[in-house]
Amino acid sequence: MATIYSRPEEYDLEHGSGEEDIDFYRRLVQRLDAHDIVELGCGSGRITQPLAALAERLDLRVTGVDLSEEMLGQARAKIEELPAGCRSRVQLLQGDIRNYAVPAPVDLIVVPCSTLAHVLELEDQLAVWTRARANLKPGGRFVVDLSMPNLQAYADSMASPPRALVELDIDQETDDGAHRLIRYKTTRYEAHRQRAHVHFLYDRFEVTDRDEQARRYVSDFESHVFFPRELQLLFLHTGFAVESCYGGYRFEKLSSTSRALVMVGRV
Ligand SMILES: C[S@@+](CC[C@H](N)C(=O)[O-])C[C@H]1O[C@@H](n2cnc3c(N)ncnc32)[C@H](O)[C@@H]1O
């Protein structure tokens, strides 16, 4: 079954334009004084494009890596709209985050938006960390950005008899009001494998003069649920020191109520 990644325009509509993680990455590259940057799982360029827009002013070179041709196509279209001085500093590569290569070591590798949750097996996770380590300069950083485990949702899904609550978690409209996307979500959790089976159900409404037409589709994901200590161990095992850990996109400390889990490893 197709995932939302084969519908990049809807992926962008789902995420809207003002998400706070975008600003986090803008500030991060400046805080870390990073100039050569790789984004793993760059997708539709939601983060890549705002970084690329700063490339000329901050002397950045930005490389995005993704498997999906459709998502990369959307990213390319966004980069094309930037001034030449920024555009020329961006490279988009179709590849796997477990085994991509960059021409020269970089200062910063980031994996935003829970992309790593798609990497299910331990050996593949180790490959991602090891590759990042190999592609970084001495002192370079690897920044992993995931959601904190949603124990409440997992507990519901483990009730007996099993039940999967349907959560309406996204409701976005295009700026012109012509399209509206509503996303519903169910989660089933397998505790022994730290595996979440997430079904997204989308209703896309097209608003015309006369009526609203709806199109419905599903997008299923299996995702690995990372816990903070596990991330720490992945960094330590692959030769990084853990430099910082944030629980949100304003650089706040991780706490028991954090929804985000952002860990920074340093070579
Ligand atoms: C949640 S999206 C994140 C996109 C973008 N970074 C953002 O913040 O909007 C995850 C992306 O990771 C890509 N992806 C998943 N597994 C991958 C892999 N093994 N190698 C490369 N890309 C992968 C998907 O194609 C998708 O574009």
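Each value in this text was obtained by applying a stated rule to the coordinates, not by laboratory testing. The structure displayed is predicted, hence computed values, not measured ones. Positions of Cβ are backbone-derived with ideal geometry, glycine not excepted, and every protein chain shown enters the neighbour counts.
What distance in nm separates the simple spin-label points at L120 and R31, each placed 7 Å from Cα in the Cβ direction?
3.4 nm
Sort largest first and round to whole Å: the equivalent ellipsoid semi-axes of the chain, each the square root of five times a Cα gyration tensor eigenvalue.
30, 26, 16
Taking every pair of distinct Cα atoms and averaging 1/r, then inverting, what Kirkwood hydrodynamic radius in Å comes out for region 151-224?
13.8 Å
Taking the mean number of other Cβ atoms within 10 Å as a proxy for protection, how do you rank 142-152, 38-48 from highest to lowest?
Per-residue Cβ counts within 10 Å, averaged per peptide and sorted highest first, yield 38-48, 142-152.
For the chain, with a Gaussian network of springs between Cα atoms less than 10 Å apart, report the residue from E14, E69, E167 with the top mean-square fluctuation.
E167
Within region 19-61, what residues put their amide N at less than 14 Å from the label point 7 Å along the Cα-to-Cβ vector of E81?
Hits in region 19-61 for E81 at 14 Å: 44-53.
Along region 164-180, what does the Karplus equation 6.51 cos²θ - 1.76 cosθ + 1.60 (θ = phi - 60°) give for ³J(HN,Hα), rounded to whole Hz, x for Gly and Pro?
10, 6, 9, 10, 8, 10, 9, 9, 10, 10, 5, 4, 7, x, 7, 10, 9
Starting from 0.36 nm per residue, how many nanometres of slack lie between A134 and L233 once their C-alpha separation is accounted for?
In short, 33.9 nm is gained.
To the nearest 500 deg cm²/dmol, what mean residue ellipticity at 222 nm is calculated for the chain from DSSP H runs of n ≥ 4 alone, each contributing -39,500 (n - 2.57), summed and divided by the residues?
-8000 deg cm²/dmol
Return the single residue from R27, R163, R204 with maximal mean-square fluctuation; model: Gaussian network over the chain, springs between Cα atoms under 10 Å.
Sorting by GNM fluctuation, first place goes to R163.
Straight-line reach from K137: which aspartates and glutamates have a Cα under 15 Å away, not including same-chain ones fewer than 8 places off?
Straight-distance partners of K137: D33, D36, D107.
Using label points projected 7 Å from each Cα along Cα→Cβ, tell me how many nm separate E19 and L151, to one decimal.
It works out to 2.6 nm between the two label points.
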